[in-house]
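Okay, structure first, notes after.
Just so you know, all these numbers are worked out from the coordinates, no wet-lab data involved. Computed from a predicted model, the values in this text were never measured in an experiment. Note that we place each Cβ from the backbone using ideal geometry, even for glycine, and neighbour counts take in every protein chain shown.
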Amino acid sequence: MLGFLFALTSALLFGVSAVMQKYSMKHMRKFSVKRIINMRFWQLSVLLGLGGMFFYLAAMRLANIAVVQPLASLSIVITSIAGHLIFNEKIDTMWFHIILIVVGVVLLSL
């Protein structure tokens with residue numbers, strides 16, 4: 001059960017990290033690696049991504065890969081929905097695919 005929760009936590013952290021990185025890039029006037037590295041918001045997104053990796057590795061230690069890997073793929077769902085809600089990105093045709101991912105994860109995790 002703990003491995004299951006760790007896998008869900010890793011998916012959430014990976015998804016939030018990606019959204020924060022997109023947000024950082026969107027608010028950058030001129031791209032440069034130096035600017036990215038110095039942005040506090042970007043640094044926090046990297047830390048969240050590293051936290052996601054920690055939870056993912058802990059989940060792999062505690063649960064079967066057949067449970068952990070599908071749950072980790074939920075980060076795609078989190079990122080897609082957040083992109084729609086925060087950045088107003090269109091996912092009209094992707095709703096069906098998002099539902100299929102969630103249903104697949106549920107079926108594989110039973």
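Available extension along the chain between PHE87 and MET25 is 21.1 nm, counting 0.36 nm per residue and deducting the alpha carbon span. Here's how it looks for GLU89: its modeled amide H is under 5 Å from those of HIS84, which are all 5 or more places away or on a different chain.
Translational diffusion of segment 2-109, estimated by Stokes-Einstein from the Kirkwood radius over alpha carbon pairs at 25 °C in a medium of 0.890 mPa s, is 167 µm² per second. For the peptides 44-50, 101-107, 10-16, the ranking by packing is 10-16, 44-50, 101-107, with the highest mean count of neighbouring Cβ atoms within 10 Å listed first.
So what's the angle, to the nearest 10 degrees on a 0 to 90 scale, between helix 74-87 and the longest Cα principal axis of the chain? It works out to around 40 degrees.
Sequentially through segment 25-38, phi angles give Karplus couplings (6.51, -1.76, 1.60; θ = phi - 60°) of 5, 5, 9, 9, 5, 10, 6, 7, 4, 4, 5, 4, 4, 7 Hz, Gly and Pro residues having no value and appearing as x. Indicate the gyration tensor shape class of segment 64-108 (rounded, prolate or oblate), computed on the Cα atoms with a ≥ b ≥ c the square roots of the eigenvalues: a/c under 1.5 is rounded; otherwise a/b larger than b/c is prolate and the rest oblate. Oblate, since a/c reaches 1.5 and b/c is not below a/b.
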